[in-house]
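Inspection log for the structure reproduced underneath, given as structure tokens.
The values are calculated or read from the model by the stated rules, or taken from the named source; none is laboratory data. These numbers were taken from a predicted model, which means no experiment stands behind them. Neighbour counts run over all protein chains shown; Cβ positions are idealised from the backbone, glycine included.
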DNA sequence: GGCAAATAGTACATTTATATAATATATACA
DNA sequence: TGTATATATTATATAAATGTACTATTTGCC
């Protein structure tokens with residue numbers, strides 16, 4: 001997908017054929033989809049040499065972002081936006097790689113507590129410099145105030161979903 | 001993922017632990033991911049009664065948006081952001097459902113031309129009212145000028161990717 | 001204590017997406 | 001014309017994501 005111009009061209013044709021089509025939200029949805037794909041792919045390329053993929057990276061960073069350092073699988077699924085069935089597979093992979101560890105919860109024996117191992121922390125320290133470079137590069141065409149404005153508008157857009 | 005507050009909390013912890021982490025681009029990336037997932041899921045729920053899923057919907061709408069009414073598989077892959085290997089399967093499904101048709105290209109015999117069948121057009125006429133309602137609802141928390149502004153910022157953000 | 005009802009987690013089957021490599025046709029150029 | 005090269009498409013194997021159903025533990029109520 002070279003640029004976004006052809007997408008807009010197609011939406012223009014769509015609106016000619018079906019005048020009720022909400023063009024602006026339609027553009028936004030296709031932009032989000034397009035951007036998401038690029039972000040996902042770029043992250044995967046960067047992370048591959050580190051031995052993990054984007055979903056695994058997300059799980060590690062969710063754990064890294066907790067104050068307690070632990071989460072249950074269902075909390076992790078919720079945080080990362082993964083379906084619970086998927087969490088089993090992903091956490092299995094991360095366990096096999098030695099990056100996270102499972103242990104039974106003391107206060108609720110239904111739960112399992114997931115936490116980063118020392119190797120997990122080391123892995124994060126290993127890829128975070130690259131990730132920081134990537135994130136900074138991805139946002140470089142926006143000024144700080146534009147980033148703030150974009151964040152605000154995305155949150156507002158988000159508030160119109162799923163309720 | 002109930003709201004976005006817990007995500008911001010995690011990013012705050014991350015920045016405390018790793019001060020170089022680019023918080024604003026990080027927020028944007030997670031917002032995009034979150035929004036994309038919701039959009040994808042909502043579209044799938046809406047489309048299921050119509051017998052298709054979101055990727056198939058996208059392909060149909062790409063064809064609907066051309067003036068000629070035809071695209072080659074590779075053009076379609078590019079337009080929809082799907083990998084070429086995936087297009088074979090998806091177009092096969094749509095052919096089996098009778099919604100699109102294949103035919104050899106006259107001017108370049110390497111190519112195959114894909115086009116909507118009358119049933120394909122009928123299917124589009126069937127789900128477009130629902131889609132329009134959904135799109136309008138999804139964008140309802142943004143004023144027109146906010147939608148324009150968001151579109152502009154997303155395009156600018158997009159311009160920082162993949163080059 | 002014992003019995004629903006709720007919740008967390010997992011296992012399995014299926015669907016969806018990707019990567020790789022193979023095949024086929026057209027194009028460029030000697 | 002013949003050969004190399006580029007491009008388009010498909011086949012196959014693999015990986016990733018999802019849906020459904022099942023097990024186990026806790027909770028609330030009798």
Here are some conditions: (1) at pLDDT below 90; (2) within 24 Å of residue A:15 (Cα to Cα). Residue B:6 meets all but one. Which one does it not meet? (2)
Out of the residues in the range A:82-99 meeting the condition of being in a loop (DSSP other than H, G, I, E, B) and surrounded by 19 or more Cβ atoms within 10 Å (Cβ to Cβ), tell me which one is farthest from DNA strand C (Cβ to nearest atom). A:99
Matching entry among A:24, A:30 (being facing another protein chain (nearest Cβ under 7 Å), away from DNA strand D (no atom under 16 Å from the Cβ) and touching a helix residue (DSSP H, G or I) at 6+ places or on another chain (Cβ under 8 Å)): A:24
When residues of the range B:100-115 are limited to those that are within 11 Å of DNA strand D (Cβ to nearest atom) and part of a strand (DSSP E or B), the one nearest to the chain's Cα centre (by Cα): B:114
Given the conditions (1) more than 7 Å from chain B (Cβ to nearest Cβ); (2) within 18 Å of the chain's Cα centre (by Cα), every one holds for residue A:15 apart from (2)
I'd like to know if the range B:116-134 contains one or more residues that are away from DNA strand C (no atom under 14 Å from the Cβ), assigned to a strand (DSSP E or B), over 14 Å from residue B:51 (Cβ atoms) and in contact with a strand residue (DSSP E or B) (Cβ under 7 Å, 6 or more places away or on another chain). yes
Residues of the range B:48-78 classified as part of a helix (DSSP H, G or I), within 12 Å of DNA strand D (Cβ to nearest atom) and either under 15 Å from the mean Cα position of the chain (by Cα) or surrounded by 20 or more Cβ atoms within 10 Å (Cβ to Cβ) (or both), total: 5
